[in-house]
Each structure stands twice: as C-alpha cells, then as structure tokens.
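These notes concern the structure reproduced below.
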Amino acid sequence: MPDMLPHRDKEINNLASILVPALRGETPSNIFIYGKTGTGKTAVTKYVGKELLKKGTETGKKVNFIYINCEVVDTQYRLLTKYC
C-alpha cells in the first residue's frame, strides 16, 4: 500500500468522516464500497483504516478496523471462519 494517495482526497475524507465516530468511542456506520476495478477502492479503504488505527493509538482510543473483500469472503460461513 502506498503511503500517499494523490488525487483521492475527496474519497479519503468521505470515508474518514463515516469512520471518525470510532475515535469518540461510538460505533460508526457499516460501509459497502463498490465500483470498477482499478479505481482505488482497496487502496483508499486500507489507507483510511491504517490512519484510523494510528490516530486511535495516538489518542489512546481502542479502535478496530476490519477490511473484508466480499469477492473472496462471499458467504456468512466464510466470513465467520475467516475472522473467528
């Protein structure tokens, strides 16, 4: 994953604004992201997740971030077996 994502500020800010309640100890909304291959969905999502975890560590807040690729984990059973 790159350390910087040029030309993705809008997408980063939109995603971060949905997840920022986690830093206040609240449960953020679930997010479903879809779109064409190669548009930066995974890169933006993992970048925001990494930054969220870093900010949680800096502020002493316990934050968990789980990224699920639904093309790979495409059933409830696979989801449970992967994360349990």
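The values are calculated or read from the model by the stated rules, or taken from the named source; none is laboratory data. Note that the structure is predicted; figures quoted are calculated from it, not measured. Using ideal geometry, Cβ is built from the backbone for each residue, glycine included, and neighbour counts are taken over all protein chains shown. Ligands, DNA and RNA are stripped out before the accessible areas are found, and what is left, the full protein with its side chains, is counted by its heavy atoms. Shrake-Rupley method; radii C 1.70, N 1.55, O 1.52, S 1.80 Å.
Brief remarks follow.
- Which label in (1) 57; (2) 82; (3) 50 gives the computed percent of Cα pairs over 16 Å apart: (1)
- Filtered chymotrypsin sites (Phe, Trp or Tyr not before Pro), the chain: DSSP coil and at most 16 other beta carbons within 10 Å: 32, 34, 65, 67
- Other residues lying with their Cβ under 15 Å from the Cβ of residue 27 contribute a combined charge of +2, Lys and Arg counting +1, Asp and Glu -1.
- Per residue accessible area in Å² of the chain, where ligands, DNA and RNA are left out and the probe is 1.4 Å: 82
- Mean-position separation - Cα centroids, the stretch 53-73 and the stretch 8-44, in angstrom: 11
- The figure for residue 42 is an accessible area of roughly 50 square angstrom, using a 1.4 Å probe on the protein chains alone.
- Sorted largest first by accessible area at a 1.4 angstrom probe radius, with every protein chain in place, the residues 62, 55 fall in the order 62, 55.
- When you filter the GluC sites (Glu not before Pro) in the stretch 50-84 for DSSP loop state and at most 16 other Cβ atoms inside 10 Å of their Cβ, you are left with 71.
- Only Cα pairs under 8 Å and 6+ residues apart enter the sum, and on that basis the relative contact order of the chain stands at 30 percent.
- Sparsely packed loop sites in the stretch 13-47 (the trypsin sites (Lys or Arg not before Pro) outside DSSP H, G, I, E and B with at most 13 other Cβ atoms within 10 Å) comprise 36.
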